[in-house]
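Comments concern the structure below.
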Amino acid sequence: YDRIEAIDADLAWSAAFAAFRINEGYYKTPLTAGDKIVKPINRELVQLALYDATMITDYDRKQAKKARQYISNVTTMEALKGDLTEWGQISAKLCAQDVIKSNYDMAVITAMPKSYVNSLKKEEVDARLRKCEGHIGKVGDKVELSVTVLRHNYSAKFNTWFIAGVTEDNRAVHFAYREAVKPDQPIQIRGTVKRHTDHSTQLNRVKMEVAV
């Protein structure tokens, strides 16, 4: 990868968070409306922030420090358990570096704010699901439920979305569905109880009514 002029790691991470704040998200390609660029790619904003530090706020610096420490802690725990992925290895390496010397490393750091925010959201959802109590019906029962969606993940292997949510009476439910459903959206579903896991009920043959 192309080497770049050495950049202080604290500055690099802070610039990444400044870009994430300004763009209100992470964009690898520009967001356009007709011929107009509404949101530039984050890498361009990072480059600007590296040359004009006034774009970086104290909030950005604090978020960068928190994220770097958080990611370092998580990857350390994953390494101890033998669960460290390739992405985790890259993240751990970048958290430990004091100076950034390659375009690749800078590009990865630019994407770190999104990864950090997604990790926090996952932890929050996991904690919410663990607070759910009891199962829904018996295996084979046909049920109709009002559910608030907490998470959706797409599986390329199965070409479907896996949805997790909570019912009105605080019971966790998960199921596969052909379309994405936005988190926090309340929905009405009908399905068949397939099995019960530790904290959740899995449904099969789910049909979704108009959103509540």
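The values are calculated or read from the model by the stated rules, or taken from the named source; none is laboratory data. Note that this is a predicted model, so its numbers are computed, not measured. Methodologically, a virtual Cβ is constructed for each residue, glycine included, from the backbone with ideal geometry; neighbour enumeration extends over all protein chains shown. What goes into the accessible areas is simple: the full protein's heavy atoms, side chains included, and nothing from ligands, DNA or RNA. Shrake-Rupley method; radii C 1.70, N 1.55, O 1.52, S 1.80 Å.
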Can you list the helices (runs of 4 or more DSSP H) lying wholly within the range 35-97 that have 3 or more residues being exposed (fewer than 11 other Cβ atoms within 10 Å of the Cβ)? 58-81
Please tell me if Pro30 is in contact with a Pro (Cβ under 8 Å, 6 or more places away or on another chain), of a type outside the set (Lys, Arg) and touching a residue at least 12 places away in the same chain (Cβ under 8 Å). no
Residue that is surrounded by the fewest Cβ atoms within 10 Å (Cβ to Cβ), among those in the range 98-140 that are under 21 Å from Ala16 (Cα atoms) and of a type in the set (Gly, Ala, Ser): Ser102
Residues in the range 182-212 that are open to solvent by less than 30 Å² (accessible area, probe 1.4 Å) and either over 19 Å from Asn153 (Cβ atoms) or in a loop (DSSP other than H, G, I, E, B) (or both) total 2
Looking at (1) closer than 20 Å to Lys182 by Cα; (2) in contact with a helix residue (DSSP H, G or I) (Cβ under 7 Å, 6 or more places away or on another chain), which is the one condition that is false for Phe158? (2)
Residue list for the range 141-154, filter: in contact with an Asp or Glu (Cβ under 8 Å, 6 or more places away or on another chain) and open to solvent by 40 Å² or more (accessible area, probe 1.4 Å): Thr148
